[in-house]
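Chemist: Before anything else, here's the structure in question.
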Amino acid sequence: IILNVILIMIFFHLYFLKLIQFIISGMSSVQNCSGTNASHIGRVCTTWGNYHFKTFDGDFFQLNSSCNHVLAIQCKDSYENFNIQMRRCLVNNIPTISKIIMMLEGSEVELSNNSVLIEIDEKYRTQTCGLCGNFDGISNEFLNDGKIIVIFQEQFCDQTFSSDPFVDCQNILDVESFSKACMVDTCNSTDNTTFVLCKTLSEFSRQCIHAGGKPQEWRNDTFCYKKCPYNMVFLECSSSCPDSCSTPQASQTCDSHCHDGCSCPAGMVFDDIGNSGCIAVSQCPCLHNNEIYKPGESYSHHCGSCVCESGQWSCTETNCPGICSVKGGAHVNTFDGKVYTFHGDCSYVLAKDSNGLSYTVLVDLVKCGLSDTKTCLRTVTLALGSNSVVSCRSHKILVFKPSSFYILVSTTVGIQLMIQLSPIMQLFISADRSLTGTTSGLCGNFNDIMSDDFRVTSGLVEGTAAAFANAWKTRASCPDIISHFGDPCNNNILTEKYADFWCSKLTDPEGVFAPCHAVVSPSTYKDNCMYDTCNCEKSEDCMCAAVSSYVYACSAAGVHISGWRKTISETVYNYNMTSCGRTCRSLGQTDYSCQVNFTTVDGCGCSEGTYMNEEGQCVARESCPCYAEGIIVPPGQTISKDGSTCVCRQGILSCSPQCEYPMVYFDCSTAQPGATGTECQKSCSTADMACVSTIHTGCTSGCICPDGLLSDGAGGCVNETSCPCVHNGQVYQPGETLTVDCNTCSCSGRKFTCTNETCDAVCGIYGDGHYVTFDDKRFDFSGQCEYTLLQDFCGTYNGNGSFRIITENVPCGTTGTTCSKTIKIFLGDNEFQLKDDNLQVVKGTIQALQVQKMGIYIVVTIKPGLVLMWDQKTSLFITISPQFQGQVCGLCGNYDGNSKNDFTTRSQEIVADVLQFGNSWKVSSSCPSAELISDPCCDVGDNSCVQINNGSHMECRESMSVQRLKRGSTDLTLSLIP
């Protein structure tokens with residue numbers, strides 16, 4: 001009996017893409033989906049064994065053919081969503097499936113024991129063609145004008161199919177048709193009847209499961225025996241999501257049908273870490289840096305140690321110091337790990353204690369290039385006690401040079417300064433844990449909460465780095481800086497290639513820096529390296545400084561890297577000496593080196609009548625530049641300084657006072673010894689800051705306000721009671737109010753007074769795998785599996801949770817990027833899915849949720865204090881109330897306020913690598929791990945998101961970081977996330 005079906009197509013790619021959109025509340029209905037093992041036999045087509053087929057509508061037939069056949073194709077629509085083809089061949093005289101070609105959307109194909117099973121979505125009813133039939137629900141595949149064209153031999157094996165293991169299958173399957181298939185196997189078998197018959201019995205058991213039945217174990221040691229690896233056992237209904245040491249709760253969120261196969265005995269999980277077979281959870285090993293640790297074994301790091309317990313890491317931390325740094329003259333890392341960039345041109349409070357009586361660290365940032373974005377760290381000032389500059393001979397500090405590149409300043413007040421001198425100046429501050437929560441300044445408040453590091457003296461948290469930095473100026477005469485956007489590497493392709501060649505060595509997984517990757521992520525350091533190298537006139541110096549900052553961070557974390565300078569550069573460093581009164585700087589400033597008596601030494605210097613400039617060259621007096629508060633002014637150039645016009649002549653800056661009323665000019669040359677000038681002028685923003693007049697700046701002449709008045713920052717003078725408040729660059733007069741998050745703030749006495757309500761936190765996933773955790777940690781992760789976004793089955797609460805939110809990611813595009821296909825919500829015994837334009841009830845009732853539509857968003861209240869918002873496309877936001885603080889985990893972080901530990905894996909280990917973190921939250925350990933993907937902007941450029949910087953978004957730019965949005969520009973997503 002031959003059924004000829006000729007429809008041959010060749011496909012070269014696998015397509016699997018859905019646009020997730022649904023509308024509810026009167027626009028569409030909430031669908032009820034079948035449970036995990038409920039009957040869905042009417043949507044299943046299968047072929048197995050000795051050329052047997054069963055159609056979607058329940059017809060059985062046998063087609064002895066080695067041709068390529070179409071099993072199922074969508075043939076009743078203008079567009080094919082799927083096409084599944086198959087070919088058989090004989091292997092040792094046994095029919096074997098040799099080739100399968102698939103184009104899929106809306107179908108599920110399962111390959112098992114030389115069989116093919118196709119499960120199709122209900123939406124394709126009456127739209128299919130092929131050997132699987134027309135899917136119309138009527139068993140009429142072989143009728144032509146009412147006559148049967150396929151006739152099977154009327155024999156059966158009902159003694160086998162009616163036995164006790166298959167009692168649950170009798171009323172839900174076509175036993176007679178399976179009996180006929182069984183007899184065909186028996187009749188056609190020439191040598192081993194049992195071998196052929198086992199295939200049909202196995203298929204009967206699988207079909208029973210798909211129909212909602214529960215077949216019992218029917219195999220034994222002598223009949224259809226299946227041998228399993230390790231100590232696994234063969235089960236007729238084995239979980240499709242087996243529990244393992246790395247995913248011990250996989251079966252709890254599994255919505256795939258069970259299948260026959262090898263599985264671990266009840267109460268055991270598979271050891272997918274040590275590959276030792278099935279073991280008890282308590283015997284699960286742990287993984288750290290690709291090394292396996294048995295239960296009870298531990299490892300130590302620079303700030304603590306971790307012990308392996310039941311496949312989970314139990315870690316304890318010691319009192320590690322906080323590290324704050326100023327790198328490249330523009331990049332700041334706070335004590336709590338916040339990273340930002342600003343281009344300052346003033347003196348700033350980098351760090352001080354809360355009352356300013358113990359210590360103060362000031363930094364002078366100045367413009368040092370042709371563009372406004374090229375700034376350098378020029379001076380570091382440390383004041384202890386009564387705000388006086390510390391002498392190197394003080395008993396309170398210890399100063400020495402551990403190498404020719406660094407100066408170390410150690411104090412007795414809990415801070416330590418490491419000042420890098422070459423190739424450019426950089427600063428690293430270490431703060432003892434005893435100072436937690438007592439610091440302020442550009443380094444933040446050191447309270448382990450990164451999200452409030454931009455808090456200023458007014459009491460509010462600023463939205464941008466520029467607004468934050470402006471609040472910590474120490475000189476009223478300095479103008480406010482503005483935010484600068486754009487990538488300097490876009491200006492010169494040759495410089496960009498040079499920067500990429502050297503800076504990419506930081507992230508090379510096989511390079512000299514690789515041993516540190518697991519401890520300190522190199523991604524931010526590479527970004528800074530690219531930025532500085534492209535922005536600097538001396539690209540090599542800035543590149544080497546950026547690389548050395550990563551080396552320092554690694555050293556602070558306990559990983560010491562050597563030999564890297566040979567990899568990076570062959571630079572030769574020269575050292576020059578100068579003599580008293582023989583430098584250009586000595587012409588306009590006091591040369592304090594002349595006041596020190598020391599034994600004369602030999603060395604290189606300038607002859608009498610010539611002066612050494614900043615480049616180590618001996619020049620005439622007329623060619624000397626001038627120096628003003630760390631700024632180098634070329635000879636003959638005019639600048640505006642403290643309200644005066646100044647011109648550089650023969651190394652001396654000559655200024656003509658031009659003060660506007662009510663300001664008056666203060667001349668340091670006529671003042672009493674010890675007097676302070678414009679460097680100590682108070683303004684509305686600096687009224688609370690102590691003045692530190694250093695030997696470097698000394699008294700500075702210029703325009704100041706009369707006694708009793710403060711500078712208003714705009715060239716005028718006001719009484720302190722008339723000072724406004726400033727937030728995100730906006731001025732608020734006394735009595736005016738504004739709303740910040742869920743609190744109302746009122747301006748009074750230069751500061752804001754706010755209500756003290758605890759606000760909800762938001763986790764956001766948008767565009768091409770861009771994540772923002774509850775604690776404001778931002779990262780990109782593209783994986784093609786199911787991942788746990790949020791759950792309260794965490795740590796010691798592992799078995800006492802109540803909800804899970806899981807996202808299923810699928811490829812979208814050709815660059816390796818992913819999009820969310822399905823969002824799964826587990827609440828108690830209820831299960832829901834956001835999929836295919838609908839909220840689908842998989843298990844339970846819709847009454848367990850509150851669902852409404854707000855604009856383009858579907859808003860689902862999962863439980864009090866837990867709300868999910870979805871735009872039906874690529875953006876998902878989860879809002880959570882403070883009652884869940886420290887009780888959740890997943891890709892959204894642990895919501896404890898400390899973003900430093902947001903990369904906590906499922907095994908409770910804090911890691912630095914985003915791939916290690918993201919892959920740990922896979923729902924199934926069998927799903928392949930995500931890998932790094934190339935930056936798509938490398939091929940198309942970085943000009944697609946310039947609209948973020950245009951005028952229509954000015955208001956947003958002043959209250960939030962735009963740079964973090966541009967990092968998400970690879971998918972052309974313009975989502976302004978505050």
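Rule-based calculations on the coordinates, nothing more; no lab input. Since we're looking at a predicted model, the values are computed, not measured. Ideal geometry is used to build each Cβ from the backbone, glycine not excepted, and the neighbour counts take in all protein chains shown.
Chemist: If I take R0 = 51 Å and measure r between the Cβ atoms of Ile94 and Ala266 in this structure, what FRET efficiency does the formula 1/(1 + (r/R0)^6) give, to the nearest 0.05? Before the final figure, lay out the partial values.
Modeler: Details: r = 35 Å, r/R0 = 0.68.
Efficiency, from the Cβ-Cβ distance: 0.90.
Chemist: A further question on this structure: If each residue of separation counts as 0.36 nm, what is the full-extension length gain between Ser748 and Thr222 once their alpha-carbon separation is subtracted?
Modeler: On the way: separation 526, 0.36 × 526 = 189.36 nm, distance 8.88 nm.
So the extension gain works out to 180.5 nm.
Chemist: Right, another one. For labels at Cys691 and Tyr230 in the simple 7 Å Cα→Cβ model, what's the distance in nm?
Modeler: Those two pseudo-labels are separated by 7.4 nm.
Chemist: Then there is this: Which GluC sites (Glu not before Pro) from region 451-543 combine a DSSP loop assignment with at most 13 other Cβ atoms within 10 Å?
Modeler: Details: sites: Glu462, Glu496, Glu510, Glu537, Glu540; in loops: Glu462, Glu510, Glu537.
Those that pass, being in a loop and sparsely packed, are Glu510, Glu537.
Chemist: Could you list the GluC sites (Glu not before Pro) in region 688-780 that lie in coil according to DSSP, counting only those with at most 13 other Cβ atoms within 10 Å of their Cβ?
Modeler: Details: sites: Glu720, Glu736, Glu757; in loops: Glu736, Glu757.
When the GluC sites (Glu not before Pro) of region 688-780 are filtered for loop state and at most 13 Cβ neighbours within 10 Å, Glu757 remain.
Chemist: Which pairs, out of Lys526/Lys821; Lys505/Lys538; Lys327/Lys777; Lys401/Lys538; Lys99/Lys835; Lys54/Lys922, put more than 27 Å between their alpha-carbon atoms? Kindly include the intermediate steps, with their values, before the conclusion.
Modeler: Numbers: Lys526/Lys821 33 Å; Lys505/Lys538 19 Å; Lys327/Lys777 21 Å; Lys401/Lys538 25 Å; Lys99/Lys835 31 Å; Lys54/Lys922 35 Å.
Among Lys526/Lys821; Lys505/Lys538; Lys327/Lys777; Lys401/Lys538; Lys99/Lys835; Lys54/Lys922, the Cα-Cα distance tops 27 Å for Lys526/Lys821; Lys99/Lys835; Lys54/Lys922.
Chemist: Continuing with this model, one more query. Mind checking which lysines have their Cα closer than 18 Å to the Cα of Lys76? Skip sequence neighbours fewer than 8 apart in that chain.
Modeler: Partners within reach: Lys123.
Chemist: How much FRET efficiency would the formula 1/(1 + (r/R0)^6) give for Asp741 and Leu932, where r is the Cβ-Cβ distance and R0 is 41 Å, rounded to 0.05? Spell out each step's value before the answer.
Modeler: Working: r = 35 Å, r/R0 = 0.86.
Once the sixth-power term is evaluated, E becomes 0.70.
Chemist: Considering only DSSP states other than H, G, I, E and B, which GluC sites (Glu not before Pro) in region 825-933 qualify as loop sites with at most 12 other Cβ atoms within 10 Å? Kindly include the intermediate steps, with their values, before the conclusion.
Modeler: Numbers: sites: Glu831, Glu909, Glu931; in loops: Glu909, Glu931.
Those that pass, being in a loop and sparsely packed, are Glu931.
Chemist: Continuing with the same structure: Let's test the formula: R0 of 41 Å, r as the Cβ-Cβ distance of Thr126 and Val167. What FRET efficiency results, to the nearest 0.05? Spell out each step's value before the answer.
Modeler: Values: r = 34 Å, r/R0 = 0.84.
Step by step, r from the Cβ atoms, then E = 0.75.
Chemist: Compute the Cα gyration tensor for region 465-539, then decide on rounded, prolate or oblate, letting a ≥ b ≥ c be the square roots of its eigenvalues: rounded whenever a/c is under 1.5, prolate when a/b is larger than b/c in the other cases, and oblate in all that remain.
Modeler: On the way: a/c = 3.36, a/b = 1.68, b/c = 2.00.
Verdict is oblate for region 465-539.
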